[in-house]
Amino acid sequence: AGFTVTARSGTALRLRGHRTRQTGPVFEAAIAVRSPAASALDRAAPNPFRSATRIGFAMAADGDAAIAIYDVLGRRVRTLLSGRWAAGYHSVVWDGRNADGAAVAAGIYFCRLTTPRSGGCQRLVLVR
């Protein structure tokens, strides 16, 4: 007997249970992770946010990626990450601060993912 739970990210968790005389109930777990079909941003949560928000992103293949925050005038506020990432699902946290470590004003900001083959952008709302 068993069941399978599949997360929105495509991760499948299969649980099987059985009983033995020596140990009692025994449960086995197997996790299968599918690579994403395309590199993309996931929804930031929470959004709107007060102090910090977690930004999820997916990499379809190993490669370079950068995530930066921009204000409504298109000025870069902060680069959250830049470098080589493995294929799969990742996340980064923005704490509402600029590159100098100062808290930014409440308002609308844009999070941009850049990879060699694709990218994405999403709106973030910071409330103080």
Original post:
Yes or no: Arg34 exposed (fewer than 14 other Cβ atoms within 10 Å of the Cβ) and in contact (Cβ under 8 Å) with a residue 24 or more places away in the chain?
Top reply: yes
Subject >> Extreme residue, surrounded by the fewest Cβ atoms within 10 Å (Cβ to Cβ), among residues of region 47-78 that are free of Cβ contacts under 8 Å to residues at least 40 places away in the same chain and over 22 Å from Arg34 (Cβ atoms) >> reply: Leu73
Subject >> Residues of region 79-94 classified as open to solvent by 60 Å² or more (accessible area, probe 1.4 Å) and either in contact (Cβ under 8 Å) with a residue 24 or more places away in the chain or closer than 15 Å to Ser51 by Cβ (or both), total >> reply: 3
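The values are calculated or read from the model by the stated rules, or taken from the named source; none is laboratory data. This one's a predicted model, so the numbers in the text were calculated from it and none came from an experiment. So basically every Cβ, Gly included, is an ideal-geometry build from the backbone, and we count neighbours across all protein chains shown. Surface accessibility is based on the protein's heavy atoms, side chains included, excluding ligands, DNA and RNA. Shrake-Rupley method; radii C 1.70, N 1.55, O 1.52, S 1.80 Å.
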